[in-house]
């Protein structure tokens, strides 16, 4: 299994990436850090990752799942509006592979039009995100995480390990 772990060029949530990467490594799942730039990316607490691939020209056929990390960089660069990224995510979803977003990264799922008639876990205090999910006809869930077919969402990064565990279960890895 090969998972694309998508991060912002700056200010991604370090904890989400570290926990997810650790879980993937523990279960011998190949984790490719996917960026929007071809240079080192720095998290909000200083973690630095060099992307293995750029989402703007990556082949979605090489991946079995995608996990999009949260963080303020998503908002700063409005990454959920980058068309090659949305096309990459749609392509993965179109092949019935897992597409997962954490926190504000759920905006990618909405903008890729993957939330219609699906339950989506979003923080209630994220009014813009709640509006976006409703605009794309998603169903706001009270749960901390949702797994609606192959579309997965997590409200709170502190449950990243449990969330990745569910991804691995759905993929038949563990």
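Rg and Dmax of the range 20-69, based on Cα coordinates, read 11.5, 32 Å. The value obtained for the range 99-174, namely the Cα convex hull volume divided by the number of residues, is 70 Å³ per residue. Take residue 127 and residue 173, extend 7 Å from each Cα along the Cα→Cβ direction, and tell me the distance between the two endpoints in nm. In this crude label model, residue 127 to residue 173 measures out at 3.8 nm. Ranking of 141, 127 by neighbouring Cβ atoms within 10 Å, starting from the fewest: 127, 141. Testing the spin-label approximation: label points 7 Å from Cα along Cα→Cβ at residue 10 and residue 135. State their distance in nm. Each label point is offset 7 Å from its Cα along the Cβ direction, giving 2.6 nm. Modelled spin labels at residue 59 and residue 117, positioned 7 Å past Cα toward Cβ, are 3.4 nm from each other. Going by neighbour counts of Cβ atoms within 10 Å, the residues 29, 6 line up, fewest first, as 29, 6. Counting every other Cβ atom within 10 Å of each residue's Cβ, 72, 160 order from fewest to most as 72, 160.
Seen from every direction in turn and averaged, the convex hull around the alpha carbons of the range 2-170 projects onto 8.3 nm².
Computed from the coordinates by the stated procedures, all read-outs in this text should not be read as laboratory data. It should be emphasised that the depicted structure is a prediction, and the values quoted were computed from it without experimental measurement. Virtual Cβ from ideal backbone geometry, glycine too; neighbours counted across all protein chains shown.
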